[in-house]
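Below is one structure, written out as structure tokens; the observations come after it.
The values are calculated or read from the model by the stated rules, or taken from the named source; none is laboratory data. Given the structure is predicted, the values throughout are model-derived calculations rather than measurements. For neighbour counting, all protein chains shown are included, and Cβ atoms are generated from backbone atoms with ideal geometry for every residue, glycine included. Note: areas computed on protein heavy atoms with side chains; ligands, DNA, RNA excluded. Shrake-Rupley method; radii C 1.70, N 1.55, O 1.52, S 1.80 Å.
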Amino acid sequence: MSHRSRLTLTVLTLVAAGAFAPQAQASGFQLREQSPLSQGNAFAGISAGGGDISALFFNPAVMTQYNGTQFSLGGTYVGLSAKFENGSGSRTPMLSGLGFNSTFLPISGAPNHGNAAISAVLPEFNIMYSVNKDLKVGLSLNVPFGLTTEYDSNWVGRYHALKSDLRTIDIAPSIAYRFSPEWSGGVAFIARKADAELTNAVDYGTLLASSAASGFIQAGVTPPSTAANMALLIGATPGAYDGKGGLKGNGWGYGFKAGLVWEPNADLKVGLSHQGAMTMTLKGDATFEIPSTIPNAGPYFLANGLAAKGLKNGKGEAELNLPATTSLGFDWKASPTFSLQGEVARTTWSRFKELRIKFDTGLTDSVTDESWNDTTFISLGGTWKLNSEWTLRAGAAFDKSAVDDAHRTPRIPDNDRKWVSLGASYTISKKVSVDVGYSRLFISDGKVNLVSGSTPADPDVFRGNLSGSIKAAINILGAQVRYSF
């Protein structure tokens, strides 16, 4: 591959490397907030029943615990704060090898960034119909992955992230059957729609400077410092021309979930559920904004020459490997007024090994190493029934991060988190109830230490190095109304 071709590929890789990378809420980029009622006890025991039909998102078998026709409608406000602090960036060390002095290596820009996370409301809807006392059918609409971060155009990490936006919706018809007084089972089919948009700044100045200096060296100009000075004379200056690149795409994926509930007696329920892994293919448009200030002279950096080599709007697609989650929960009625719940869930984030982008121009695939880790969520909660109208809940949880320090990016400010939750339900009548739940998530500070490559073939070479820390916190408030016919 020629140097010019490798240069073009690297620019496309620079834009595509973060493509379709969703935003974190639960571990990785899951959104666990699918039941305002169970939000109150940190989702402890949700796989065993959770207290209402919104638990069918986690285990469709729980529908056999309810009679008649039931529905729940609600929303959860997720207030996410993610602030980047003490940031510093430097351009690829390849510039030094090409003869540019150290004054061109630091990346300018604000080292600190205020809250880059965009708060959101997650809707949820569930309905269940009793065919008979043992057979139930249902439908749920949920938002299982998503949220948004957006950074200022002049911050020090702009080559790694500007905007990251993922929106998903699950449509899941389900069926459950009670096989015996003790055992129930259920399955659900999942149709998932995803829309994603990602942008970042592109350091065209460094791209052009490295291309020009390399060209002069290949033409016999020595030493490298002379080649670098010649590049500067014709206007190929590292950091001088910031542009923008982005990807916007969407797609559908299909999967399943299944579960069992064991009720050995009237006081104990144990639930086991599994949501299968899913691979989604997201197809979309790649866009490039090349600065008009780039000098229109010289063989290595004509703006129209860049476009001719592939730096132009086109099509792209990516496969997004979503994990499987297996959950085990219990709900034990310790007394007429108090019950204890527990939950453990294992998510196979190790499936997310890489992000591979394919382009319709025939360019080599863009590959970003993700190397995420499997995670475990653990929660414990309690429910107090004060009287026929009021029920109170509390819970705590620990959620392990899927991302380690070597792979954390500003797009996904994920790290280990501790939950504290409170909630309440009020029964208005035999048919109508209202639930609210609140959680405060305490997130460990996340270190960012992204290291640039040193050759044009490296996907991160023109993004440069980025270090700093991310301070994040989350407040979650959910509310829903339940109605039974």
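Take every Cα pair under 8 Å in the range 351-485 that's 6+ residues apart, average their separations, divide by the length, and report that relative contact order as a whole percent.
About 19 percent, as a whole number.
Report, in degrees rounded to the nearest 10, the 0 to 90 angle that the Cα long axis of helix 3-16 makes with the longest principal axis of the chain.
30 degrees
Give the average over all directions of the projected area of the C-alpha convex hull of the range 140-285, one decimal, in nm².
For the range 140-285, the mean projected area of the Cα convex hull comes to 14.3 nm².
For the chain, what is the calculated [θ] at 222 nm in deg cm²/dmol (nearest 500), taking -39500 (n - 2.57) for each run of four or more DSSP H residues and dividing by its residue count?
Rounded to the nearest 500, it is -3000 deg cm²/dmol.
Among 215, 184, 200, which residue has its Cα positioned farthest towards the positive end of the charge dipole of the range 181-258, with +1 placed on the Cβ of Lys and Arg, -1 on the Cβ of Asp and Glu, and the dipole taken about the Cα centre?
Selected residue: 184.
Carbon and sulfur: what percent of the chain's accessible surface (1.4 Å probe)?
Here it works out to 59 percent.
Of the cross-linked pairs 83/333; 163/400; 244/353; 83/315, which ones have a Cα-Cα span greater than 31 Å in the structure shown?
Over 31 Å Cα-Cα: 83/333; 83/315.
Specify whether the C-alpha gyration tensor of the range 82-145 places it in the rounded, prolate or oblate class, a ≥ b ≥ c being the square roots of the eigenvalues: rounded for a/c under 1.5, otherwise prolate if a/b is larger than b/c and oblate if not.
prolate
Roughly what % of DSSP beta bridges within the range 107-163 run antiparallel, to the nearest 5?
Antiparallel: roughly 90 percent of the beta bridges in the range 107-163.
Enter the accessible area of residue 320 (Å², nearest 10), with the probe set to 1.4 Å and all protein chains included.
Accessible area of residue 320: about 10 Å².
With a cap of 15 neighbouring Cβ atoms within 10 Å, and only residues DSSP puts in a loop, list the trypsin sites (Lys or Arg not before Pro) found in the range 49-157.
Numbers: sites: 83, 91, 133, 136; in loops: 91, 133.
In loop regions of the range 49-157 (DSSP not H, G, I, E or B), the sparsely surrounded trypsin sites (Lys or Arg not before Pro) are 133.
Over all distinct alpha-carbon pairs, what is the Kirkwood Rh of the range 401-485 in angstrom?
The Cα-based Kirkwood calculation yields 16.3 Å.
So if each residue of separation counts as 0.36 nm, and I subtract the Cα-Cα distance between residue 154 and residue 429, what length gain in nm does that give?
Fully extending the segment from residue 154 to residue 429 adds 93.5 nm.
Which trypsin sites (Lys or Arg not before Pro) in the range 419-468 sit in a loop by DSSP (not H, G, I, E or B) and have at most 13 other Cβ atoms within 10 Å of their own Cβ?
Of the trypsin sites (Lys or Arg not before Pro), the ones in loops of the range 419-468 whose Cβ has at most 13 other Cβ atoms within 10 Å are 430, 431.
In nm², what is the average projected area of the convex hull enclosing the Cα atoms of the range 106-212?
For the Cα atoms of the range 106-212, the hull's average projected area reads 11.1 nm².
When you take every Cα atom in the range 329-485, what is the radius of gyration, and what is Dmax, the widest Cα pair distance, in Å?
Considering the range 329-485 through its Cα atoms, Rg and Dmax are 22.3, 69 Å.
For the range 181-249, what value does the Rg/Rh ratio take when both radii are computed over Cα atoms and Rh is the Kirkwood radius, given to two decimals?
A ratio of 1.61.
Binning at 20 angstrom from zero up to the longest distance, how are the C-alpha pair distances of the chain distributed in percent?
Here the calculated profile for the chain is 24, 46, 22, 8, 0.
Which whole-number value in Å² is the accessible area per residue of the chain, probe 1.4 Å?
Using a 1.4 Å probe on heavy atoms only, each residue of the chain averages 38 Å².
Leaving ligands and nucleic acids out of the surface, order 350, 174 by accessible area at 1.4 Å, largest first.
These residues rank, largest area first, as 350, 174.
Under 19 Å between alpha carbons, and skipping anything fewer than 8 positions from residue 269 in its own chain: which aspartates and glutamates qualify?
52, 134, 182, 331, 343
Which order do you get for 407, 113, 274 if you rank them by accessible area with a 1.4 Å probe, largest at the top?
Ranked list, largest accessible area first: 274, 407, 113.
Under the definition of Cα pairs under 8 Å and six or more residues apart, what whole-number percent is the relative contact order of the chain?
22 percent
Label residue 473 and residue 254 with points 7 Å out from Cα along Cα→Cβ: what is the distance between them in nm?
That separation, rounded to one decimal, is 4.6 nm.
Rounded if a/c is under 1.5, else prolate if a/b beats b/c, else oblate: with a ≥ b ≥ c from the C-alpha gyration tensor eigenvalues square-rooted, which is the range 47-119?
prolate
Between the range 38-115 and the range 193-235, what's the alpha-carbon centroid distance in Å?
Computed from Cα coordinates, the inter-centre distance equals 35 Å.
Helix 224-233 versus the longest principal axis of the chain: what angle, 0 to 90°, nearest 10, using Cα atoms?
90 degrees
Quick one: putting +1 on the C-beta of Lys and Arg, -1 on the C-beta of Asp and Glu, what dipole do you get for the chain around its Cα centre, in Debye to the nearest 20? Spell out each step's value before the answer.
Working: 41 positive and 38 negative charges, 78 e Å.
The calculated dipole for the chain is roughly 380 debye.
Compute the relative contact order of the range 85-129 as a whole-number percentage, counting only Cα pairs closer than 8 Å that sit 6 or more residues apart in sequence.
40 percent
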